[in-house]
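To start, the structure itself, in structure tokens.
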Amino acid sequence: MINIEVNINGEDYRLEVEDDLRLIDLLRDKLHLTGTKEGCGEGECGACTVILDGKSVNSCLLLVAQVHGKRITTIEGLGDENNLHPIQRAFLEQGAVQCGYCIPGMVLSAKAFLDTNSTPKREEIREAISGNLCRCTGYEKIIDSIERASE
Ligand code: FES
């Protein structure tokens, strides 16, 4: 077991966890932040994306031991149904959500990207979400949404 301190969605946690516990399992199973999804479990699909110190990362590839002292934002930290984040609102308004499984990761990748580039070109948005796979929609409405959110 190891002791770690981590800030998640603005809240400080001191936790004792197994050495080999993955970040996604801490979030979903121990903290019940189930907006973070597991798809491939191998770093390929982006469903498990969270923001770690400002960068989007795959939480299935990180051990909790690697996030000691860091700040994490999950989709629960962005907005809720009564107070949507502008990116979430844009996804809804553009009709960019079908099954929804990829959307938390997609929105968090978009947030990390727009925080570094508030006037993105369409091609840059496409590149920014290239690690997030969607099997339903094609990507045009998702890209439209991120473009809209940047305006
Ligand atoms: Fe982590 Fe697919 S579940 S990248």
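Where the second residue is at pLDDT 95 or above and surrounded by fewer than 20 Cβ atoms within 10 Å (Cβ to Cβ) and the first is β-branched (V, I, T) and lies in segment 84-106, which pairs have Cβ atoms under 8 Å and are six or more apart or on separate chains?
That search, which allows pairs on different chains as well, returns I87/L114.
Do you know which residues across segment 53-70 are in a strand (DSSP E or B) and within 19 Å of D29 (Cα to Cα)?
V57, N58, L63
From E93, E11, E42, E18, grab the single residue that is outside the structural domain of N132 (by TED's automatic domain parsing) and within 25 Å of G138 (Cβ to Cβ).
Just one listed residue meets the conditions, E42.
Every residue in segment 106-125 that is of a type outside the set (A, V, I, L, M, F, W, C), under 16 Å from the mean Cα position of the chain (by Cα) and farther than 16 Å from N9 by Cα, please.
D115, T116
Among what's in segment 25-65 and is over 11 Å from P104 (Cα atoms), touching a residue at least 40 places away in the same chain (Cβ under 8 Å) and near the ligand (Cβ under 9 Å from one of its atoms), pick the residue that is surrounded by the most Cβ atoms within 10 Å (Cβ to Cβ).
Looking at residues that are over 11 Å from P104 (Cα atoms), touching a residue at least 40 places away in the same chain (Cβ under 8 Å) and near the ligand (Cβ under 9 Å from one of its atoms), I get N58.
Matching residues to (1) surrounded by 15 or more Cβ atoms within 10 Å (Cβ to Cβ); (2) at pLDDT 95 or above:
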residue	(1), (2)
L108	yes, yes
F113	yes, yes
E123	no, yes
N132	yes, yes
C136	no, no
S145	yes, yes
E151	no, no
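Has segment 87-105 got any residue that is hydroxyl-bearing (S, T, Y), modelled with pLDDT of 95 or more, closer than 20 Å to E11 by Cβ and assigned to a loop (DSSP other than H, G, I, E, B)?
The answer is no; no qualifying residue exists.
Give the residues of segment 22-40 that are in contact with a helix residue (DSSP H, G or I) (Cβ under 8 Å, 6 or more places away or on another chain) and not acidic (D, E), sorted by residue number.
Of everything in segment 22-40, those that are in contact with a helix residue (DSSP H, G or I) (Cβ under 8 Å, 6 or more places away or on another chain) and not acidic (D, E) turn out to be R22, L23, L26, L33, T34, G35, T36, K37.
Of the residues S118, S56, which is small (G, A, S) and farther than 30 Å from I4 by Cα?
That would be S118, the only listed residue that is small (G, A, S) and farther than 30 Å from I4 by Cα.
All but one of (1) over 30 Å from E16 (Cα atoms); (2) assigned to a helix (DSSP H, G or I) hold for S118; state the number of the condition that does not hold.
(2)
The values are calculated or read from the model by the stated rules, or taken from the named source; none is laboratory data. Here the structure is a predicted model, which is why all the values come from computation and not from measurement. Cβ coordinates were reconstructed from backbone atoms using ideal geometry, including for glycine residues, and neighbour counts include every protein chain displayed.
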